[in-house]
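> Sharing a structure here in structure tokens format.
The values are calculated or read from the model by the stated rules, or taken from the named source; none is laboratory data. Just so we're clear, the structure is a prediction, and the values are computed from it rather than from any experiment. Every residue, glycine among them, receives a Cβ derived from its backbone with ideal geometry; neighbour counts consider all protein chains shown. Each accessible area value is taken on the protein alone, full model and side chains, heavy atoms only, with ligands, DNA and RNA left out. Shrake-Rupley method; radii C 1.70, N 1.55, O 1.52, S 1.80 Å.
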Amino acid sequence: MTLLALAWANLLRDKLAAALNTALMAIGIATIVLLLLFGHHLEERMRGDAAGIDLVIGAKGSPSQLVLSAIYHADIPTGNIPLAEAQRWAEHPMVRTAIPQALGDSWRGFRIVGTTTAYPALYAAGVREGRLWQAPGEATIGAAVAASGLAVDDSFSGVHGFSPEGHVHGDSRYRVVGVLAPTGTVIDRLILTSVESVWAVHGTAEPTDPEITTLLIDYATPFAATTLPRLVNSQSQLQAAAPAVQTNRMLQLLGVGIDGVRAFAWLLVVSAGLGVFIALYHALEARRYELALLRCLGATRGEVLISLVIEGVLLSLAGTLLGVFVGHLVAELAGQWLGFAATEGLTGWQWLPAESWLLLYGTAIGALAALVPAIRAYRRDVTAVLKSA
Amino acid sequence: MPALIEAQDIRHGFGGQPALALDHLHLEAGQAHLLLGPSGCGKTTLLHILAGLLMPDSGSLHIAGQDVRALGPAARDRFRGQHIGLIFQRLHLLGAVNVLQNLMLAQHFGRRPPNRSRALALLDQLGLAHRAHAMPDTLSQGEAQRVAIARALVNQPAILLADEPTSSLDDDNAQEVIALLRDASEREGAALLVVTHDQRLRAHFPDATLLARPEPTA
């Protein structure tokens, strides 16, 4: 028998209180873990989706709308731009590569993107089955699109707009020629085809003044970051938006919401600490003779103090470990089963550095909650307790 | 052979009022001794002093050759765990752990290596072998007291101190407990000091010290 074993045995005496405290702590910690994992996942995805894209050029409007529509395919585009105008910037010496996008149609909520093969290459998306599109009317689909029931050699009609109820372009159909390997990026949820195909669907196979929606730019030189956006915005009818800036802004906005929920979760953790405090304070009175008996057996004041702190730490550690486990489990299940775009690819099989701190904080709260009862037990006059027995 | 207890002129008071006045107490190995006195004579205070739980206001105290007053608080606690077994009237066991674990906790706080077979052998001697894994709240009062005696002896202490072990018992049971205490302490080589107001015990102890109420200060 050691202090640890004794503390454990004492906890098991009041299983209900111990279970309640553990559960309360676990709920708070699980919420925090889930937020950490989800926030990290979202950030990874947003940065991953924007990786390799230094600048988005599109029609004038809100810069965040431009970035949301062109990179994350989560908002409607700001409008179209003349191809000739776009070409001018694509050939600018400060631009290394420029990927065009023709947007506007979708199939069952998945967006159809008229682009070049440089676009899937940007996300290192290999072809899992079939091949990339070549002739007009051919499409290569992302892994999530394929998972929703579209396969190679199937054909489908796009609808105008991004809701499944839009006007159907029934007269011209796409044929699936390939499926991309899953990448964990936005491209999994896209249907890729050529710009010409998109023009054809809209009845302008050889348009007189062709338009595209956006241009994704990769700088040739870091120097471009300070000059090119200003040039575009001042010298043309176009708008340039830097994804890094917009993404940070969006993550900050998202962070405010996450912080709010996180504060609430910490409130749960702190109330669990309060529960530990109450349980031990109660035990201090209920077990006053037994604590005195420990001293009679040869335990020092310090050992009595430590035995109570161990109880607090055990309680909070159990709650914290359970919470971490549940948080990861829920994250994994959400990633696998929930089916939201935002939770796709979310996994519980990862350990964030912040979680190690969480383990420490959760445990420290238990130790702290135990400290006041423990110090009272430390100071208690054993002889007075024994005389009252 | 050095005395196990050598106490001289022990004085202690609470709130300015004297609570204990012991001129002399001497106990040798293997001896059984009775400390008899009326309530309010400071018996329990003396027991706490002898156990190192309380420091007397004045006087000299040596236990097993060690000047107890020279030890620091933590050292006194450890000394108690190693050399002194304590038995109380009602306060017996730690309720969270079973009978055997109660004994093994005493080994832990007595800074002895865990010795399960020693604990079991002692329980067997006291007729408690079948209760080794019972929880304290399933024991009868008599069983609990016997477990407490076994626990007090598990570290082979030099001295067994018993505080009013018989006052709530009828004659037969009181006699039985005293016989048990004397047998067990003799077998384990521990000196026995019983502190009580129970006059019935006088017949069982050839050596007795009478403790009188200290004179209150004017």
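> Please work out which one of (1) part of a helix (DSSP H, G or I); (2) within 13 Å of chain A (Cβ to nearest Cβ); (3) under 17 Å from the mean Cα position of the chain (by Cα); (4) closer than 20 Å to A:Ala389 by Cα is the condition B:Ile149 fails and give its number.
(2)
> Separate question: Restricting attention to segment A:356-389, which residues are away from chain B (no Cβ under 14 Å), open to solvent by 20 Å² or more (accessible area, probe 1.4 Å) and of a type in the set (A, V, I, L, M)?
Within segment A:356-389, A:Leu359, A:Leu360, A:Ala364, A:Ile365, A:Ala367, A:Leu368, A:Leu371, A:Val372, A:Ile375 meet the criteria.
> Every residue in segment A:174-201 that is over 30 Å from the mean Cα position of the chain (by Cα) and in contact (Cβ under 8 Å) with a residue 60 or more places away in the chain, please.
A:Tyr174, A:Ser194, A:Val195, A:Glu196, A:Ser197, A:Val198, A:Trp199, A:Ala200, A:Val201
> Do you know which residues across segment B:88-97 are more than 7 Å from chain A (Cβ to nearest Cβ) and touching a Lys or Arg at 6+ places or on another chain (Cβ under 9 Å)?
Listed by number, the residues that qualify are B:His92, B:Leu93.
> Please give the helices (runs of 4 or more DSSP H) falling wholly within segment A:1-86 in which 2 or more residues are within 14 Å of chain B (Cβ to nearest Cβ) and closer than 29 Å to A:Ala265 by Cβ.
A:3-13, A:15-50
> Given the conditions (1) at pLDDT 90 or above; (2) not in a loop (DSSP other than H, G, I, E, B), and given that B:Gly142 satisfies all but one, which numbered condition is not satisfied?
(1) is the only condition that B:Gly142 fails.
> List the pairs whose first member sits in segment B:100-118 and is among the small types (Gly, Ala, Ser), whose second member is open to solvent by less than 60 Å² (accessible area, probe 1.4 Å), and whose Cβ atoms are under 7 Å apart, counting only residues at least 6 apart or on separate chains?
Sorted first by the residue in segment B:100-118, then by its partner, the pairs are B:Ala106/A:Leu297; B:Ala106/B:Arg151; B:Ala106/B:Val154; B:Ala106/B:Asn155; B:Gly110/A:Gly298; B:Gly110/B:Gly81; B:Gly110/B:Gln82; B:Gly110/B:Asn155.
> Any idea which of A:Val324, A:Val313, A:Val261 is away from chain B (no Cβ under 14 Å) and touching a Gly at 6+ places or on another chain (Cβ under 7 Å)?
When all the criteria are applied, what remains is A:Val313.
> Which of the residues that make up segment A:176-217 are within 30 Å of A:Gly335 (Cα to Cα) and either open to solvent by 70 Å² or more (accessible area, probe 1.4 Å) or not in a strand (DSSP E or B) (or both)?
Those that are within 30 Å of A:Gly335 (Cα to Cα) and either open to solvent by 70 Å² or more (accessible area, probe 1.4 Å) or not in a strand (DSSP E or B) (or both): A:Ala181, A:Pro182, A:Thr183, A:Gly184, A:Thr185, A:Val186, A:Ile187, A:Asp188, A:Arg189.
> Right, another one. With the requirement that a residue be within 17 Å of the chain's Cα centre (by Cα) and more than 9 Å from every other protein chain (Cβ to nearest Cβ), what does segment B:104-121 give you?
If the condition is that a residue be within 17 Å of the chain's Cα centre (by Cα) and more than 9 Å from every other protein chain (Cβ to nearest Cβ), then no residue fits.
> Report, ordered by the first and then the second residue, all pairs with beta carbons closer than 8 Å, sequence separation of six or more or different chains, a first member in segment A:148-163 that is under 27 Å from A:Pro77 (Cβ atoms) and in contact (Cβ under 8 Å) with a residue 24 or more places away in the chain, and a second member that is surrounded by 11 or more Cβ atoms within 10 Å (Cβ to Cβ) and of a type in the set (S, T, N, Q).
That search, which allows pairs on different chains as well, returns A:Ser157/A:Ser172; A:Gly158/A:Ser106; A:Val159/A:Ser106; A:Gly161/A:Ser106; A:Phe162/A:Ser106; A:Ser163/A:Ser106.
> Pick out the one residue from A:Thr140, A:Thr117 that is surrounded by 18 or more Cβ atoms within 10 Å (Cβ to Cβ) and either in the same structural domain as A:Leu215 (by TED's automatic domain parsing) or touching a Pro at 6+ places or on another chain (Cβ under 9 Å) (or both).
Details: A:Thr117 fails: surrounded by 18 or more Cβ atoms within 10 Å (Cβ to Cβ).
Just a single option satisfies the conditions, and that option is A:Thr140.
> Looking for whichever is crowded, with 21+ Cβ neighbours inside 10 Å and touching a residue at least 24 places away in the same chain (Cβ under 8 Å) here; the options are B:Leu47, B:Leu25, B:Leu36. Which one fits?
B:Leu47
> Still on this structure, please answer the following. Among the residues of segment B:165-207, how many are part of a strand (DSSP E or B) and surrounded by 16 or more Cβ atoms within 10 Å (Cβ to Cβ)?
6
> What pairs come up if the first residue lies in segment A:111-136 and is without any contact (Cβ under 8 Å) to a residue 40 or more places away in the chain, the second is of a type outside the set (Lys, Arg), and their beta carbons are under 6 Å apart, counting only those six or more places apart or on different chains?
As it stands, the answer is A:Thr117/A:Leu132; A:Ala118/A:Ile99, since those pairs meet every condition given.
> Would you call B:Arg76 more than 8 Å from chain A (Cβ to nearest Cβ) and of a type in the set (D, E, K, R)? I'd like the intermediate steps shown before the answer.
Values: more than 8 Å from chain A (Cβ to nearest Cβ): yes; of a type in the set (D, E, K, R): yes.
So B:Arg76 fits the description; yes.
> Could you list, in sequence order, all residues of segment A:344-373 that are among the hydroxyl-bearing types (Ser, Thr, Tyr) and under 14 Å from the mean Cα position of the chain (by Cα)? Before the answer, list the steps.
First, the residues of segment A:344-373 that are among the hydroxyl-bearing types (Ser, Thr, Tyr): A:347, A:356, A:361, A:363.
Scanning segment A:344-373 gives a single hit, A:Thr347.
> Taking B:Asp57, is it more than 9 Å from every other protein chain (Cβ to nearest Cβ), open to solvent by 60 Å² or more (accessible area, probe 1.4 Å) and either among the charged types (D, E, K, R) or touching a Lys or Arg at 6+ places or on another chain (Cβ under 9 Å) (or both)? Show your work before the answer.
Working: more than 9 Å from every other protein chain (Cβ to nearest Cβ): yes; open to solvent by 60 Å² or more (accessible area, probe 1.4 Å): yes; either among the charged types (D, E, K, R) or touching a Lys or Arg at 6+ places or on another chain (Cβ under 9 Å) (or both): yes.
Here the answer is yes, as B:Asp57 does meet what is asked.
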